[in-house]
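Report on one structure; see the data block that follows.
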Amino acid sequence: MTPPGKRYCLIAGYGSLGSALGARLIDRGDVVYGLRRSGSALPAGVMPIRVDLSKIETLRALPGGIEYDRVFYTAAAQERTEKAYRAAYVEGPRNLLAALAGRGAPRFIYTSSTAVYGRCRGEWVDEETPAEPEGFAGAFVLEGEEIFRRAAVRRAVALRLGGIYGPGRERLIESVRNGVARIPEGGPFYTNRIHADDAARALEHLSLLHDPAGVYIGVDRDPADLGEVLRWIAARLGLPEPPEGAPPPGRGSKRCRSDRLVDSSFRFRYPTFREGYATLLGKENA
Ligand SMILES: NC(=O)c1ccc[n+]([C@@H]2O[C@H](COP(=O)([O-])OP(=O)(O)OC[C@H]3O[C@@H](n4cnc5c(N)ncnc54)[C@H](OP(=O)(O)O)[C@@H]3O)[C@@H](O)[C@H]2O)c1
């Protein structure tokens, strides 16, 4: 039996976001288990669990006798194939739920994606908007949400994240620096993002809410036009405005609202791309 008084957290998919979350939970005094396939060392204080979520037999390595209070599912597909998405968002959740059956009643917090909304033409989207993914990626991610919801009604929370950026995730800045960025023709082309620090803070926040809803959108407060973001970055770097070009393939233009998250008393540290990218670009460019 788990000793009383401590909160036991399992982070299934201890990667980039999982690590940022784990560091926050350890600071709170939680006991944190970090699960992933690779054997490389986890930070001090994190109990490593080496498991392949897509292979149920390996889940026997889950330490026995522990009843987790919170289970975060932050595993990601490692390549853009149907097989990898099915493994990460369908087989993984099913296997983990099977392995945890009979071990208490944790709250499950699942990192979903705004890709579940499919492509749009500039519309506003919120949690009440029907999730109708167009590609296999959004479809498998949505199926993962449903697997947790069916298994743990009222104890499953999905956070639908936009594109995560932050230290080490500076693709857009690099694209402007390298001259490959293109301002989408025929814009505006709305994009949704969240700073990695806010994404980890939002997961922690949802784990602490007394009575959370089942779904939250996790994007910052400004679903900005990609052209505006690229122009802003170029100006900060002292570079010319990027030329126009075709919009990013396979992506629609939508404006996701994070009102539900904010109404639950979450406060963004980086409410728009400006604060987030200004920090990344450093004080000399801010
Ligand atoms: N990045 C974004 O912009 C974005 C946007 C929306 C939603 N999300 C969601 O946010 C979550 C976290 O993303 P991230 O960027 O932090 O991903 P990440 O850095 O790639 O981390 C994912 C982790 O999952 C582990 N993993 C993958 N397959 C596994 C398996 N079969 N068994 C056990 N562990 C497995 C990987 O470690 P091993 O390889 O060692 O197993 C890795 O440490 C994901 O659910 C992702 O879908 C991300």
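Here Arg36 meets the list (1) basic (Lys, Arg); (2) within 14 Å of the ligand (Cβ to nearest atom); (3) in contact (Cβ under 8 Å) with a residue 60 or more places away in the chain almost entirely, failing just condition (3).
Counting the residues of the range 50-61 that are more than 9 Å from the ligand (Cβ to nearest atom) and part of a strand (DSSP E or B) gives 0. Of all the listed residues (Ala213, Ala286, Ala278), the sole one being outside any loop (DSSP other than H, G, I, E, B), small (Gly, Ala, Ser) and either over 17 Å from Pro188 (Cα atoms) or modelled with pLDDT under 95 (or both) is Ala278.
Going through the range 8-33 one residue at a time, which ones are within 12 Å of the ligand (Cβ to nearest atom) and crowded, with 20+ Cβ neighbours inside 10 Å?
Leu10, Ile11, Ala12, Gly13, Tyr14, Leu17, Gly18, Ala20, Leu21, Gly22
In the set Ala137, Ala131, Ala152, only one residue is among the aliphatic types (A, V, I, L, M) and within 15 Å of Ala88 (Cβ to Cβ); that residue is Ala137.
For the range 63-73, the criterion of a residue being surrounded by fewer than 20 Cβ atoms within 10 Å (Cβ to Cβ), among the charged types (D, E, K, R), more than 9 Å from the ligand (Cβ to nearest atom) and assigned to a loop (DSSP other than H, G, I, E, B) is satisfied by at least one position. Can you name every residue in the range 77-107 that is in a loop (DSSP other than H, G, I, E, B), surrounded by 18 or more Cβ atoms within 10 Å (Cβ to Cβ) and within 9 Å of the ligand (Cβ to nearest atom)? Within the range 77-107, Ala77 is the sole residue that qualifies. Arg201 falls short on exactly one of the conditions (1) modelled with pLDDT under 95; (2) charged (D, E, K, R); (3) in contact with a helix residue (DSSP H, G or I) (Cβ under 9 Å, 6 or more places away or on another chain), and that condition is (1). Exactly one residue out of Val180, Val215, Val229 is crowded, with 20+ Cβ neighbours inside 10 Å, more than 21 Å from Phe108 (Cβ to Cβ) and either of a type in the set (Val, Ile, Thr) or touching a helix residue (DSSP H, G or I) at 6+ places or on another chain (Cβ under 7 Å) (or both): that is Val229. Sub-8 Å Cβ pairs linking a first residue in the range 164-177 that is under 13 Å from Trp232 (Cβ atoms) and of a type outside the set (S, T, N, Q) to a second residue that is within 11 Å of the ligand (Cβ to nearest atom) and not in a helix (DSSP H, G or I), at least 6 apart or interchain, are Leu172/Tyr165, ordered by first then second residue.
In the range 234-267, the qualifying residues are those that are among the hydroxyl-bearing types (Ser, Thr, Tyr) and part of a loop (DSSP other than H, G, I, E, B), and the one that is nearest to Pro212 (Cα to Cα) is Ser264.
The values are calculated or read from the model by the stated rules, or taken from the named source; none is laboratory data. This is a predicted model, so every value here is computed, not measured. Ideal geometry is used to build each Cβ from the backbone, glycine not excepted, and the neighbour counts take in all protein chains shown.
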